Amino acid sequence: MIQGSGGMEVEQKFRLANRETFERELVEFGGKLQGEKDEIDTYLRHPARDFGQTDEAFRIRQVGEEFVVTYKGPRLASTVKIRPEIEIPLAANTHDLWMQVFQSLSFTPVTQVRKNRRSYQLDFQDRAFTITLDRVAGIGDFAEVELLIPDASQAQAAADSIEALARHLKLGDVERKSYLALVRASQKIDSAT
């Protein structure tokens with residue numbers, strides 16, 4: 001079951017040249033597989049606010065028969081992505097009704113991001129990190145190193161820890177764009193060819 005959450009998401013994303021090789025190295029380093037799932041993220045456009053300009057995101061994520069609504073607030077200035085995040089699971093069999101509500105309020109679907117996600121937990125420097133290995137349709141393989149913190153007062157320490165772990169894991173090809181931005185850019189290229 002998808003759990004609701006709130007707080008700050010602190011993460012850094014990296015392109016992977018070879019997901020399988022990195023996954024073997026992650027397991028050798030102590031990463032423990034937490035699960036694998038396919039996710040479909042449907043991003044919604046606000047009727048009066050340009051989320052691209054405000055650096056926000058609003059989506060509905062589907063994992064199997066479960067759905068969760070996620071709001072991501074603007075990023076704080078940092079080399080690592082730090083932003084508020086609120087996730088609320090939808091009650092069973094209410095997704096279509098919620099989509100009707102959103103569309104009645106003039107929210108419109110923008111883009112879908114489809115990915116296969118393998119999640120690992122890794123303890124490093126007295127912190128429990130989540131490392132996800134994502135195979136995103138149309139754009140490739142990525143690793144995300146993430147910590148969730150209750151508020152911004154812990155943001156810099158979390159960012160420093162993520163950067164230290166990334167160096168230790170030899171992750172170097174940082175990807176600063178969101179999956180949404182990458183998928184939309186690839187769709188524009190594909191539609192032009």
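Quick note: the coordinates plus some simple rules give every number you see, no bench work behind them. Keep in mind it's a predicted model, so treat the numbers as computed, not measured. Positions of Cβ are generated from backbone atoms using ideal geometry, with glycine treated the same way; all protein chains shown enter the neighbour counts.
Data table
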{"item": "Within-9-Å neighbourhood charge of residue 176 [Cβ basis; K, R +1; D, E -1]", "result": "+2"}
{"item": "Inter-part distance where segment 35-58 and segment 122-193 are each reduced to a Cα centre, Å", "result": "16"}
{"item": "Measure of compaction for the chain (Cα Rg per 2.2 N^0.38 Å)", "result": "1.04"}
{"item": "Cα-based shape type of segment 76-161, given that a ≥ b ≥ c are square roots of the gyration tensor eigenvalues and the cut on a/c is 1.5", "result": "prolate"}
{"item": "20 Å Cα-Cα reach of residue 188 towards aspartates and glutamates, excluding residues that sit fewer than 8 places from it in its own chain", "result": "41, 50, 141, 175"}
{"item": "Karplus (6.51, -1.76, 1.60) ³J(HN,Hα), θ = phi - 60°, over segment 37-49, in Hz, Gly and Pro reported as x", "result": "7, 9, 10, 10, 9, 9, 8, 10, 9, 6, x, 10, 9"}
{"item": "Stretch gain in nm, segment residue 24-residue 76, where the contour uses 0.36 nm per residue and the Cα spacing is subtracted", "result": "15.4 nm"}
{"item": "Burial order of peptide ranges 12-23, 111-122, 31-42 (average beta-carbon count within 10 Å, highest first)", "result": "111-122, 12-23, 31-42"}
{"item": "Per-residue [θ]222 nm for the chain (sum of -39500 (n - 2.57) over DSSP H runs n ≥ 4, rounded to 500)", "result": "-8000 deg cm²/dmol"}
{"item": "Dipole of the chain [Lys/Arg +1, Asp/Glu -1 at C-beta], most positive-end residue of 130, 18, 182", "result": "182"}
{"item": "Interchain or long-range residues, amide H under 5 Å from residue 124's placed H", "result": "129"}
{"item": "Reachable lysines from residue 13, criterion Cα separation under 18 angstrom, eight or more residues apart if same chain", "result": "72, 81, 115, 170, 177"}
{"item": "Pairwise FRET efficiency - residue 185 versus residue 164, Cβ, R0 = 25 Å, nearest 0.05", "result": "0.25"}
